[in-house]
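Every number in this text was worked out from the coordinates using simple rules, so none of it is lab data. Note that the structure is predicted; figures quoted are calculated from it, not measured. Virtual Cβ from ideal backbone geometry, glycine too; neighbours counted across all protein chains shown.
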């Protein structure tokens, strides 16, 4: 790999944690979090489901607490609390089937998130052998060649930055491809098309300038 100087139009990606030592450090953090949350996400005892009356009382008491907390306060927060209190009271007075529908909409996604959290608190070491084949194939070819991804320094929407970046990349790897290269080559194609159109038109009026324009068109970056 060529050494990168301060003037190179490419920038390096930030270093990512890949070594076993770095994974050990992250595992320690996750294990501490898992120990703290163990009884919350994996309770040893489960309470019985609340009764119909307990649900109604819980909804009503929560609405009363929200109204008491807001008092005479004004502002978006107070208005949202009052609106929520009104909805809770309305739900407390609704039919059981309505509350079941609301419960399914709120509780089921929560259960999914809790299951996901439990899995994330039990991570596995990642190695080159454990990466799924379809993901590995995006970055490593069957013959062992690895895909390299680089980004330009500066604003990638700046034409001069893009031109300098693509020129530097193609000088190192002529077969490089990607959005930047495709955009660069597409722009050159459009410019050449206009120049060639101008050459054909000029041929009709001044044939002596055709050779000069044709040579100049080949000097486009």
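How big is the stretch 20-120 in terms of Cα radius of gyration and Dmax, in angstroms?
Radius of gyration, then largest Cα-Cα span, for the stretch 20-120: 19.2, 57 Å.
At a threshold of 8 angstrom on Cα-Cα distance, excluding pairs fewer than six apart, so keeping six or more, what relative contact order does the stretch 28-165 reach in percent? Intermediate results must be reported in sequence, preceding the final value.
Working: 57 pairs, mean separation 30.1, N = 138.
So the answer I get is 22 percent.
Sort 142-155, 167-180 by packing, meaning the average of other beta carbons within 10 Å per residue, with the highest value first. Walk me through the numbers before you get to the answer.
On the way: 142-155: 10.6, 167-180: 12.6.
Answer by packing, highest mean first, reads 167-180, 142-155.
Among 46, 67, which comes first, second and so on when ranked by fewest other beta-carbon atoms within 10 Å? Don't skip to the end; give the middle numbers.
Details: 46 6, 67 16.
Ranked by crowding around the Cβ, least crowded first: 46, 67.
When you count, for each residue, the other Cβ atoms within 10 Å and take the mean per peptide, how do 77-89, 49-61 rank with the highest first? Write out the running numbers ahead of the final one.
Working: 77-89: 14.8, 49-61: 12.6.
Result, highest mean first: 77-89, 49-61.
Tell me the relative contact order for the stretch 93-194 as a rounded percent, counting alpha carbon contacts under 8 Å between residues six or more apart. It would help to have the intermediate numbers written out before the result.
Details: 23 pairs, mean separation 10.6, N = 102.
Computed over the stretch 93-194, the figure is 10 percent.
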